[in-house]
Amino acid sequence: MIAFLVLIGSVAVYGQDHGHHHNHSCTHVNNQHVLAKQVVINIVADMDKDGDGIVELPEVNAEFISRYDPDKDGKVPEDDFVKQWHQRYHDDGDFVGYLFHHFDKDDDENLTANDLAALAKTLDTDGNGQVSVAEFQSFMINLYVNCVPSKYSHGP
Ligand SMILES: [Ca+2]
Ligand SMILES: [Ca+2]
Ligand SMILES: [Ca+2]
Ligand SMILES: [Ca+2]
């Protein structure tokens, strides 16, 4: 009986994730209790595919298209992003929505190659034209741990 009620509860929560209204919370919640630092390590491993310590734009573009853009139109809307990111890293949907708005640099509600190129510039803090794993990691840790407010987070 208790298991049945828990199941009903999780279906209700799952349903909310797929509505048109998304909540955003910068507090990291992971549904499998993976710690923020470990999630960031997993993300870095996915992005720096060849493991050379540099997160190259073509690597990130390839990862985005293969994992987040099933219809291959070059656009990743929030729903697709939240669903795939959650499946991959088990972060809670509200938190992934917060990430999405940090990544959507031009605010058109889709992640595209333009956003990734703009992000690469932001992340290259030493300005050497490359995003190192260290630069990438410190950006992600900032989002995951320091709860940088999203431009979309309103209210308390
Ligand atoms: Ca690389
Ligand atoms: Ca798409
Ligand atoms: Ca965009
Ligand atoms: Ca750099």
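Computed extension length for Lys72-Ser25: 14.1 nm, one decimal, from 0.36 nm per residue of separation with the Cα-Cα distance subtracted.
Please grab the % of Cα pairs in the stretch 23-145 that end up more than 19 Å from each other.
On the way: 3362 of 7503 pairs.
Counting pairs separated by more than 19 Å, the tail of P(r) holds 45 percent.
The protection proxy used here, the mean number of other Cβ atoms lying within 10 Å of each residue, ranks peptides 92-101, 41-50 as follows, highest first: 92-101, 41-50.
We did not get these values from a lab; they are worked out from the coordinates using the rules stated. The structure presented is a predicted model; accordingly, all values stated were derived computationally and were not measured. Neighbour counts are summed over all protein chains in view; Cβ atoms, including those assigned to glycine, are modelled from backbone coordinates with ideal geometry.
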